[in-house]
Amino acid sequence: MEKRYYQKEIETASREQLRAWQDERLVKTVNHVWTNNEYYRNKMKNQGVEPGDINGVEDLWKLPFLTKDDLREAYPFGLMSKPMADCVRIQSTSGTTGKRVIAFYTQHDIDLWEDCCARSIVAVGGTRDDVCQVCYGYGLFTGGPGLNGGSHKVGCLTLPMSSGNTDRQLQFMTDLGATIICCTPSYAAYLAESIEERGLRDQIRLKAGIFGAEAWTEEMRRDIENRLGLKAYDIYGLTEISGPGVSFECEEQTGMHINEDHFYPEIIDPKTGKVLPMGSKGELVFTSLTKEAFPLLRYRTKDICVLSDKPCSCGRTLVKMSKPMGRSDDMMIIKGVNVFPSQIEMVLLNQGLTSNYQIIVDRKGSSDTLEVLVEMTPELFSDTLGALTQKEAQITEALKSMLGIMAKVTIVEPKSIVRSEGKAVRVIDKRKLYDNK
């Protein structure tokens with residue numbers, strides 16, 4: 001790669017230097033929120049901790065956790081730690097699980113966020129000679145604005161496409177020679193399908209894709225790479241923490257480097273809250289170290305993953321996080337068995353099916369039911385009914401082997417599952433598991 005680092009002195013800093021930055025910035029941030037935010041001050045007082053008790057990241061465990069419930073309770077201004085006059089932008093979550101979460105940004109916050117996104121673009125080989133097509137949504141969603149700003153900082157010709165309008169996406173992709181694409185993995189798969197249908201494969205110049213905002217498997221990665229002729233890289237972020245660019249994959253594709261100079265990671269036991277040692281599987285927790293308007297301390301992401309400090313061949317010294325292995329709050333319990341959608345996707349792709357599928361969970365009487373709808377491939381389209389039935393039986397058996405429970409598998413016609421140009425709706429859970437009083 002022509003240029004491997006956007007900020008080499010930071011991305012390749014010694015672990016000692018990174019720790020010194022983290023200690024200094026944590027102390028500063030704790031004092032900042034104590035002084036400027038009543039909600040934080042009360043949380044800390046209830047925990048019996050004051051700013052003087054925090055001398056560095058070794059004292060981080062003393063601070064209380066923050067959760068999305070705190071963000072909803074404090075909506076809209078309760079966690080803002082800068083005056084309104086100092087804030088220049090908001091971003092917001094989709095609000096699919098309740099009241100929207102609003103994150104505030106100063107111009108300084110935006111500059112640092114865009115630096116993080118620029119690091120991710122350079123890590124996949126991006127330079128000022130590239131054409132970067134950003135197909136994440138703009139507006140309140142963080143995906144578009146974050147990668148757009150990062151692309152500008154790298155110096156790429158930026159195509160601010162937003163999501164949707166696939167015909168226009170493909171026109172600009174081919175006419176302007178896009179070399180890097182940024183979107184959700186499900187939309188990348190949809191674009192690949194559309195490119196094949198239109199016979200445009202030989203006109204595509206993409207070399208790298210930066211895909212995030214939803215869970216995807218290694219099998220889906222390889223499928224996208226083969227169909228689009230690029231290398232597919234993961235990027236991670238949350239609106240609450242800043243947006244995409246909290247961590248990013250390098251050429252090794254073995255986990256995402258966390259921008260530790262801005263975000264300090266912990267792995268905890270999701271049940272007890274106890275901090276776990278490096279290499280343990282648990283819930284990811286982030287603390288903002290440099291944000292001004294909306295810094296979050298010990299924010300529980302609900303993402304389950306593993307951290308690694310093993311040396312990376314790319315030369316970056318930043319700790320890596322694994323691809324999230326599920327979420328502590330969206331894990332499905334079906335017939336007493338823990339089930340993650342990623343497990344089902346892995347089976348389908350290994351069986352030669354597509355990434356266009358839907359999981360339907362229901363309850364008949366006192367028993368849970370699991371149904372998986374998956375679109376047939378062109379190869380299956382011409383097969384006999386008996387062959388389709390046999391394929392459904394094979395998938396059923398493979399799912400039982402993976403999950404330990406039976407699932408009804410139905411192979412449906414191509415295009416019959418609604419396509420998504422944003423986050424794919426993979427799971428429909430019709431059970432009423434909670435009392436909504």
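The values are calculated or read from the model by the stated rules, or taken from the named source; none is laboratory data. Remember, it's a predicted structure, so these values are computed and weren't measured experimentally. With ideal geometry, Cβ positions are generated from the backbone for all residues, glycine too; neighbour counts draw on all protein chains shown. For the accessible areas, the whole protein counts, side chains as well, though only heavy atoms, and no ligand, DNA or RNA atoms are used. Shrake-Rupley method; radii C 1.70, N 1.55, O 1.52, S 1.80 Å.
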Going by the structure shown, is ARG41 closer than 24 Å to TYR236 by Cβ and surrounded by fewer than 19 Cβ atoms within 10 Å (Cβ to Cβ)?
no
Filter result for SER163 (assigned to a loop (DSSP other than H, G, I, E, B) and surrounded by fewer than 23 Cβ atoms within 10 Å (Cβ to Cβ))
yes
For the stretch 46-66, how many residues meet the condition of being of a type in the set (Phe, Trp, Tyr) and surrounded by 14 or more Cβ atoms within 10 Å (Cβ to Cβ)?
1
Expected single match for assigned to a loop (DSSP other than H, G, I, E, B), under 22 Å from ARG227 (Cβ atoms) and open to solvent by less than 40 Å² (accessible area, probe 1.4 Å) among ILE411, ILE417 is ILE417
Could you tell me whether the stretch 338-358 includes any residue that is at pLDDT below 90, aromatic (Phe, Trp, Tyr) and part of a loop (DSSP other than H, G, I, E, B)?
yes
I need the helices (runs of 4 or more DSSP H) fully contained in the stretch 3-57, keeping only those with at least 1 residues that are of a type in the set (Phe, Trp, Tyr).
15-36, 38-47
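Residue by residue, here is whether (1) at pLDDT below 95; (2) farther than 24 Å from ARG300 by Cβ; (3) buried (at least 23 other Cβ atoms within 10 Å of the Cβ) holds:
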{"residue": "TYR75", "(1), (2), (3)": "yes, no, no"}
{"residue": "ALA85", "(1), (2), (3)": "no, yes, no"}
{"residue": "LYS99", "(1), (2), (3)": "yes, no, no"}
{"residue": "ILE102", "(1), (2), (3)": "yes, no, no"}
{"residue": "ASP115", "(1), (2), (3)": "no, yes, no"}
{"residue": "VAL122", "(1), (2), (3)": "no, yes, yes"}
{"residue": "GLY149", "(1), (2), (3)": "no, yes, no"}
For the stretch 276-291, name all the residues that are over 21 Å from LEU79 (Cα atoms) and open to solvent by 10 Å² or more (accessible area, probe 1.4 Å).
LEU276, PRO277, MET278, GLY279, SER280, LYS281
All positions within the stretch 302-337 that are among the charged types (D, E, K, R), modelled with pLDDT of 95 or more and surrounded by 15 or more Cβ atoms within 10 Å (Cβ to Cβ):
ARG316, LYS320
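Taking the criterion of being more than 20 Å from the chain's Cα centre (by Cα), assigned to a loop (DSSP other than H, G, I, E, B) and on the phi < 0 side of the Ramachandran plot, would at least one residue in the stretch 88-97 satisfy it?
Looking through the stretch 88-97, at least one residue is more than 20 Å from the chain's Cα centre (by Cα), assigned to a loop (DSSP other than H, G, I, E, B) and on the phi < 0 side of the Ramachandran plot.
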Within the stretch 283-331, which residues are on the phi > 0 side of the Ramachandran plot, outside any loop (DSSP other than H, G, I, E, B) and over 15 Å from the mean Cα position of the chain (by Cα)?
none
